[in-house]
1. For the condition touching an Asp or Glu at 6+ places or on another chain (Cβ under 8 Å) and not small (Gly, Ala, Ser), what is the one hit in 128, 112?
2. Of the residues that sit in segment 173-201 and are within 19 Å of residue 81 (Cα to Cα) and of a type in the set (A, V, I, L, M), which one is modelled with the lowest pLDDT?
3. Tell me, yes or no, whether segment 85-104 has at least one residue that is over 25 Å from residue 66 (Cβ atoms), assigned to a helix (DSSP H, G or I) and modelled with pLDDT of 95 or more.
4. List the helices (runs of 4 or more DSSP H) inside segment 105-201, counting only whole elements, that have at least 2 residues being surrounded by 21 or more Cβ atoms within 10 Å (Cβ to Cβ) and touching a Phe, Trp or Tyr at 6+ places or on another chain (Cβ under 8 Å).
5. I'd like the full set of residues that are open to solvent by 10 Å² or more (accessible area, probe 1.4 Å), of a type outside the set (D, E, K, R) and within 10 Å of the chain's Cα centre (by Cα), limited to segment 88-104.
Amino acid sequence: MPLDPQARKVLDQLAALGLPPNYTLSPQEARVNMNSRPQSSGPEVARVEDRAIPGPGPEVPVRIYTPGGGGPFPVLVWFHGGGWVVGDLETADGTARRLTAQAGCVVVSVDYRLAPEAKFPAASEDCYAVTQWVAGNAGSIDADPGKIAVGGDSSGGNLAAVVSLMARDRGGPSLAFQLLVYPVIARDFDTGSYRQNGEGY
């Protein structure tokens, strides 16, 4: 099956950079590799603020994006992708801005601890702690505590699904929605797309 033309364009652009594949690199080298890729800037939003939220270990850095207009707004707690090893607030910035502008919601982008330095379940506990903080402090970020969503792409989609289960099992917070963008949720990696593309496109 041929790739979608937009996906092919992205892969061709990445190949043109001449960067080594991440699987050949150390985690630290892979992070440098990731940060050297061109990043989409995303649209302007009304306000962007960096904060540090109390976490289960060290404080968790977050970046809060607020749309224009009058709140309180729905709020999306966003977990970036990157295989639990790469990615940060900068690599997620363009996506967070687009989500804020196009959905008209506050986005709280989470810079959770990365593997392998931070072992499981550090990332999921960080993400859950931020989600709890958002529920308890929604008014301070012009957000509606009755309209809290979690979301993420790839490994971030996994974290969003995990946080939803943690909220269910731990008695809250109440979540209104999950936004799972190509989430890593098939534990056995046995779906059709994994079988078809397991060795590459």
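The values are calculated or read from the model by the stated rules, or taken from the named source; none is laboratory data. Bear in mind the structure is a predicted one, so any value in this text is a computation, not a measurement. Neighbour counts are summed over all protein chains in view; Cβ atoms, including those assigned to glycine, are modelled from backbone coordinates with ideal geometry. The protein model used for the area step is the full one, side chains on, heavy atoms only, and it has no ligands, DNA or RNA in it. Shrake-Rupley method; radii C 1.70, N 1.55, O 1.52, S 1.80 Å.
1. Numbers: 128 fails: touching an Asp or Glu at 6+ places or on another chain (Cβ under 8 Å).
Sole residue among the options that is touching an Asp or Glu at 6+ places or on another chain (Cβ under 8 Å) and not small (Gly, Ala, Ser): 112.
2. Only one residue tops the list, namely 186.
3. Within segment 85-104, the first condition is being over 25 Å from residue 66 (Cβ atoms), and the residues that meet it are 85-86.
Narrowing the set further to residues that are assigned to a helix (DSSP H, G or I) leaves none.
So far as segment 85-104 goes, no, none of its residues is over 25 Å from residue 66 (Cβ atoms), assigned to a helix (DSSP H, G or I) and modelled with pLDDT of 95 or more.
4. Answer list for segment 105-201: 122-136, 155-169.
5. From segment 88-104, those open to solvent by 10 Å² or more (accessible area, probe 1.4 Å) are 88-91, 93, 95, 97-99, 101-104; that's our starting set.
Filter again for of a type outside the set (D, E, K, R), leaving 89, 91, 95, 99, 101-104.
Hits for segment 88-104 are 89, 91, 95.
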